[in-house]
Amino acid sequence: MSEPRGKVELGLFLSAQHPASVPAEGAVREHLEQVDLARELGFASVWAGQHFLSHPFQMFQSVPLLARVAAAAGEMTIGTGILLLTLLNPVEVAENAATLDAIAGGRFVLGVGFGYREVENAAFGVARGRADLFERKLEIVRRLLAGGSVTASGDGFDLTNARLALVPSRPPPIWIAANSDRAVRRAARLGDAWLVNPHTRLAELERQMRLYRAERATARLPPSGHTPVLKEVCVAPTDDDALAVARPYLEEKYEAYVHWGQSEVLPPGDTLRRGFPELSAGGRFVLGSPETCATTLGEHMDQLGADYFICRVQWPGMPQDHVLRSIRLLATEVLPAIRSRAGHHRTED
């Protein structure tokens, strides 16, 4: 059992994926409305992820989307959740990170990950040795953002005494996403935090968190400053309302995940190849009334030490009114309940 160490925060994850029939300009306006509301209600951060060739959904790329969103985010942190570092040029990643950090006034988190989709690997010419390539690129990005001089070469890059001209005053924290046990151990060694994925049941995440902390201890690294957890969330007045709203959109989204290969990179004790009642059980999704959602997130606090919930409250095709309702209920009813729970635990300690 692990308790959160600090104040529990909420982040808003922008789905940025929409059916092909949805006008892209309108979808951007909806995301800006979501950010406006989240800012007004006290969300701590806003995030966007990355995929390429994202059929059957159209998808906005995270760096330009976050640059636009930052204008509406005010004092909120902005974060990539995640960039597919294995596929990208490390100089471009570092330059974009430095730019986003400047736009956000130093309130930027660089979330990176390994990737798993064969269509993306093929499109970028990454066929084998991906783990080594990811680690080499991550080292280059970290050194560049710290103002260092880098000489390195590999697939798609050749650097000789390369330096960034735009260097953040403080290198942004690097949070690493991970699904498999091997990737969790890598995140423990190389990242400032493990950005816990939304696809795995809580029991498996608890087991993996023990691996993560043991690996950091073995590497003589301090505990992570945050324990961030990305979750699929729908809050409604009742459990039945939330399930009825979320199910058709989550089902379609997770059918796409199975087609993309996401299930194959989960830990061996879990799979996405399930009917919806079983898929949504075990803490994988946070669906229900404010009381039910607070209980589920509280279990993540107790069992993982989670102190930063990044909530995806929209999936392709979901109407905006449902999205805004979840944001409101998260801020006004769920967050006070889980903060009270965290404060109660600390008082008992």
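Put simply, of 152, 177 the only residue that is in contact (Cβ under 8 Å) with a residue 12 or more places away in the chain, surrounded by fewer than 17 Cβ atoms within 10 Å (Cβ to Cβ) and assigned to a strand (DSSP E or B) is 152.
Selection of region 244-259 for residues being touching a residue at least 24 places away in the same chain (Cβ under 8 Å), surrounded by fewer than 19 Cβ atoms within 10 Å (Cβ to Cβ) and hydrophobic (A, V, I, L, M, F, W, C) yields only 256. The condition (being modelled with pLDDT of 95 or more and either closer than 17 Å to residue 318 by Cβ or of a type outside the set (A, V, I, L, M) (or both)) is satisfied by just one residue among 246, 217: 246. What are the pairs with Cβ atoms under 8 angstrom where one residue, in region 295-307, is surrounded by fewer than 19 Cβ atoms within 10 Å (Cβ to Cβ) and the other, located anywhere, is modelled with pLDDT of 95 or more? Sequence gap at least six, or different chains. Partner pairs satisfying both residue conditions: 299/202; 299/283; 303/202; 303/205; 303/206; 303/209. When region 91-105 is filtered for residues that are assigned to a helix (DSSP H, G or I), out of contact with any Phe, Trp or Tyr (no Cβ under 6 Å at 6 or more places or on another chain) and either surrounded by 19 or more Cβ atoms within 10 Å (Cβ to Cβ) or not charged (D, E, K, R) (or both), the ones remaining, listed by number, are 91, 93, 94, 96, 97, 98, 99, 102, 103. Scanning region 107-141 for residues that are under 30 Å from residue 56 (Cβ atoms), in a loop (DSSP other than H, G, I, E, B) and more than 22 Å from the chain's Cα centre (by Cα) turns up 124, 125, 126, 127, 128.
In region 188-219, of all residues being out of contact with any Leu (no Cβ under 8 Å at 6 or more places or on another chain) and small (Gly, Ala, Ser), the one that is surrounded by the most Cβ atoms within 10 Å (Cβ to Cβ) corresponds to 191.
Number of residues in region 184-210 that are of a type in the set (S, T, N, Q) and either assigned to a helix (DSSP H, G or I) or touching a Pro at 6+ places or on another chain (Cβ under 9 Å) (or both): the value is 2. On the given criteria, is residue 326 over 20 Å from residue 207 (Cβ atoms), out of contact with any Leu (no Cβ under 8 Å at 6 or more places or on another chain), surrounded by fewer than 23 Cβ atoms within 10 Å (Cβ to Cβ) and polar (S, T, N, Q)? No, not satisfied. With respect to the conditions (1) over 19 Å from residue 262 (Cα atoms); (2) free of Cβ contacts under 8 Å to residues at least 24 places away in the same chain; (3) outside any helix (DSSP H, G or I), residue 55 falls short on a single one, namely (1).
The values are calculated or read from the model by the stated rules, or taken from the named source; none is laboratory data. All of these numbers come straight from a predicted model, not from anything done at the bench. Here Cβ is always computed from backbone atoms with ideal geometry, including for glycine, and neighbour counts include all displayed protein chains.
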